[in-house]
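Shown next, in structure tokens, is the structure this report addresses.
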Amino acid sequence: MLVAKQKRKENIAEYILYLYQIEDMIRAFKLDMELIEERLVANYKADDKTKAAITDWYANLVLMMDKEKIREKGHFQFLTNLVSDVNDFHLKLMETSKDGMYVQTYKTVAGLVSELKEKNPEAKNDVDLGITAVYGFLLLKMQQKDISIDTLEAIKRISKWLGDLSKLYRDFENGDFDF
């Protein structure tokens, strides 16, 4: 909860990736709040009030996962909507060329995004493809799998693009950027 709030303010892509990880952790604990409290909440160095708020946050996520029928796979509807909103922002940036540096950054990954579309046809949009690629990479790293140099380079470029997009999106939300 605390990390999520901070990431939401600072970097929308990192926020989405963090919540994808939270979804997977909740699934790993089989949506069992006792396990979540014991293994996750108990590790927070916080006062009782904050720990209670964190427990409530996880409990709400568990309820949402159950209600949205994403116990086994899938993402929260609010995250799907957020990815769509960020992609709409991306498309507007490309359409208006309001930020030339952003357009250039995206052009450096456009070929990668096209390749990803071929490999992941069910992805909803470019931002979904990029975030899914980075998340897959992070999972491979956690599993200590071998990662090719080409994949590392591709993820660096995609991460740069998502970082630039996240900064502009934050500025837009804060009223420091408009079209």
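The values are calculated or read from the model by the stated rules, or taken from the named source; none is laboratory data. Since the structure is predicted, the reported quantities are computational estimates derived from the model, not experimental observations. When we count neighbours, we look across all protein chains shown, and the Cβ atoms used for this are built from the backbone with ideal geometry, even at glycine. When the accessible area is computed, the model is the full protein with side chains, heavy atoms only, and any ligands, DNA or RNA have been set aside. Shrake-Rupley method; radii C 1.70, N 1.55, O 1.52, S 1.80 Å.
Things to note:
- Rounded tilt (10° steps) of 77-96 against the dominant C-alpha axis of the chain: 20 degrees
- Using θ = phi - 60° and Karplus 6.51 cos²θ - 1.76 cosθ + 1.60, couplings along segment 53-66 (whole Hz; Gly, Pro as x): 5, 5, 4, 4, 4, 4, 4, 5, 5, 4, 4, 4, 4, 5
- Residues in segment 1-36 reached by a label modelled at K45 [backbone nitrogen below 17 Å; 7 Å Cα→Cβ]: 2-3
- Dipole magnitude of the chain about its Cα centre (Cβ charges: Lys, Arg +1; Asp, Glu -1), debye to nearest 20: 240 debye
- Each Lys or Arg adds one and each Asp or Glu subtracts one; over the other residues with Cβ under 9 Å from the Cβ of N87, this totals -3.
- Dipole of segment 69-179 computed with +1 at Lys/Arg Cβ and -1 at Asp/Glu Cβ about the Cα centre; of L168, T80, G100, farthest Cα towards the positive end is T80.
- Straight-distance candidates among the lysines for linking to K145, with alpha-carbon spacing under 24 Å and chain neighbours fewer than 8 residues away dropped: K73, K117, K119, K156, K160.
- FRET efficiency, D66 to M25 (Cβ-Cβ, R0 25 Å, nearest 0.05): 0.95
- Using C-alpha pairs under 8 Å with a sequence gap of at least 6, the mean separation divided by the residue count of the chain gives a relative contact order of 27 percent.
- The chain, accessible surface, carbon-and-sulfur percent (1.4 angstrom probe): 51 percent
- Of S148, S97, S84, the one that fluctuates the most in a GNM where the chain has Cα springs shorter than 10 Å: S148
- Extension gain for the segment L2 to F177, taken as residue separation times 0.36 nm less the Cα-Cα distance, is 60.4 nm to one decimal.
- Spin-label model, L35/S84: points 7 Å from Cα along the beta carbon direction are separated by 3.2 nm.
- Per-residue ³J(HN,Hα) for segment 112-118, Karplus 6.51 cos²θ - 1.76 cosθ + 1.60, θ = phi - 60°, Hz, x for Gly and Pro: 4, 4, 4, 4, 4, 4, 5
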